[in-house]
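Comments concern the structure below.
Each value in this text was obtained by applying a stated rule to the coordinates, not by laboratory testing. Keep in mind it's a predicted model, so treat the numbers as computed, not measured. Note: ideal-geometry Cβ built from the backbone for every residue, glycine included; neighbour counts use all protein chains shown.
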Amino acid sequence: MKKQTTFILFAVIFSFFANTAESKSILKDVRINQSENETRLVLDLSEKVKYKLFTLNRPDRIVIDLYQADLGKGLKTNFNKAGLINGIRIARNNSRRIRMVIETSEILFYRLSAIPKNPNPNHRLVIDLKKAFEGSKKVAASSVNRKKFIVAIDPGHGGKDPGAQGSQVIEKELVLKISKKLKKLIDQEKTMSAFLIRDNDSFPCPDNRSNCRQQESLSERITRAKEGKADLLISIHADAFSDRSVRGATLYALSDSRKIRRGSDYKVMYRPKTKNNVKLKSTSSRKSLSRVTGDDIDAQDQSIEIGKHILKEMKKDVRIRKKTPREAEFAVLKSTSVASVLIETSYLSNKDDEKFLINPRNQDKIVEAIVRGLKSYSATTRKDLGKK
Ligand SMILES: [Zn+2]
């Protein structure tokens with residue numbers, strides 16, 4: 001009840017301000033541009049406008065109120081499904097306000113920017129929509145449905161980039177060895193399969209170029225994971241640090257809302273309640289788990305969830321530096337469409353860690369722990385999705 005009062009008060013103050021503005025702005029046109037994972041909505045207005053944006057759930061909606069505004073003659077007020085937008089309704093809400101209700105296909109990242117006219121004849125409000133939880137939803141679904149769970153394994157560095165230097169081994173060679181073992185073990189599982197982002201001493205570059213910049217190589221690794229239809233990307237590394245006494249493995253993963261590029265103004269529409277687990281959408285609750293897809297599921301931050309399961313298993317056989325996944329904005333962790341973890345298998349700068357890492361038996365222990373972690377994640381997801 002209290003919330004409602006605040007809202008009304010807010011609206012009253014807002015329209016008071018709007019009253020003092022000069023002329024009315026006319027909403028002349030509404031344009032929608034869409035690509036696979038992003039949709040852009042552009043409102044063309046005759047003048048600068050005061051607006052308010054808020055989001056609602058059930059169904060997921062973005063509402064934009066335009067104050068001291070009017071509908072242009074012949075403007076379409078109903079829009080059907082386009083991209084991430086399920087539909088739009090525009091109506092005069094009261095004498096001073098136009099309300100635009102945008103129903104979205106799911107919870108999205110959104111960004112609103114106001115662009116002044118000149119040289120364009122119109123003042124524009126641009127709303128960019130982007131999928132936020134695609135990777136989380138996909139990995140959760142694939143871990144329980146009848147399709148194969150596909151893992152892309154990324155041996156860090158390669159070619160011109162050796163990575164960390166130990167006294168007996170360099171990182172790019174060690175992580176390729178471990179990655180090959182991991183692929184072999186995953187492929188032995190009936191419900192899983194794996195592929196390598198690089199399977200020799202090469203530096204992955206776009207369009208199979210022989211050379212590229214570090215940043216290009218990192219995004220190429222994600223591209224290859226997506227092209228291989230990976231549900232999960234596991235990047236394998238070995239650390240080095242100036243303090244040679246530092247030891248142990250670290251696992252990095254990013255929560256979905258931190259996968260937005262730094263400096264962008266995107267916000268998440270709202271955080272679903274299924275914070276650390278997954279839930280079948282009510283519309284899909286009768287579906288058998290063997291047939292679910294990402295669209296049937298509400299899920300977020302599954303990269304971190306998977307990381308927790310892997311770490312829990314690694315702890316049994318490998319010295320661990322941090323007990324929980326650490327969040328770091330590594331490029332390979334930033335894709336919203338593929339869940340991902342990065343494992344620093346431990347420190348080549350530490351003598352004992354290096355000795356541990358170069359022993360093939362210990363490499364087996366690491367990859368066995370990762371596979372146990374994946375199976376344990378899948379079992380937990382199955383249990384969570386089974387709950388009503
Ligand atoms: Zn590395």
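Once the Cα atoms are used to define both axes, helix 302-314 deviates from the longest principal axis of the chain by about 20 degrees.
So what's the angle, to the nearest 10 degrees on a 0 to 90 scale, between helix 171-187 and the longest Cα principal axis of the chain? Its long axis makes an angle of about 80 degrees. For the chain, leaving out every one of the GluC sites (Glu not before Pro) that falls in a DSSP loop and has at most 14 other Cβ atoms within 10 Å, the longest unbroken run is 37-328.
Placing +1 on the Cβ of every Lys and Arg and -1 on the Cβ of every Asp and Glu, with no other charges, gives the chain a dipole of roughly 1500 debye about its Cα centre. Rounded to the nearest 10 degrees, the angle from helix 2-20 to the longest Cα principal axis of the chain is 60 degrees. Measuring spread by the Cα atoms of region 256-354 yields a radius of gyration and Dmax of 17.0, 55 Å. Each part reduced to its alpha carbon centroid, region 98-112 and region 214-279 end up 26 Å apart.
Go through K183/K279; K138/K273; K184/K387; K316/K383; K131/K190; K160/K226 and tell me which ones have a Cα-Cα distance over 26 Å in this structure. Could you put the intermediate results ahead of the total?
On the way: K183/K279 30 Å; K138/K273 18 Å; K184/K387 34 Å; K316/K383 23 Å; K131/K190 31 Å; K160/K226 24 Å.
In this structure, K183/K279; K184/K387; K131/K190 lie more than 26 Å apart at Cα.
Only the Cβ atoms of Lys and Arg (+1) and of Asp and Glu (-1) were treated as charged; on that basis the dipole of region 264-388 about its Cα centre amounts to roughly 720 debye. Note on region 90-208: dipole from Cβ charges, positive end direction compared against A114, N93, V151; the farthest Cα belongs to N93.
Counting pairwise Cα distances across the chain, what percent come out greater than 34 angstrom? Provide the component values of the computation, followed by the final result.
On the way: 30283 of 75078 pairs.
So the pairs more than 34 Å apart make up 40 percent of the total in the chain.
Sorted largest first, the principal axis extents computed over the alpha-carbon atoms of region 157-290 equal 56, 42, 39 Å.
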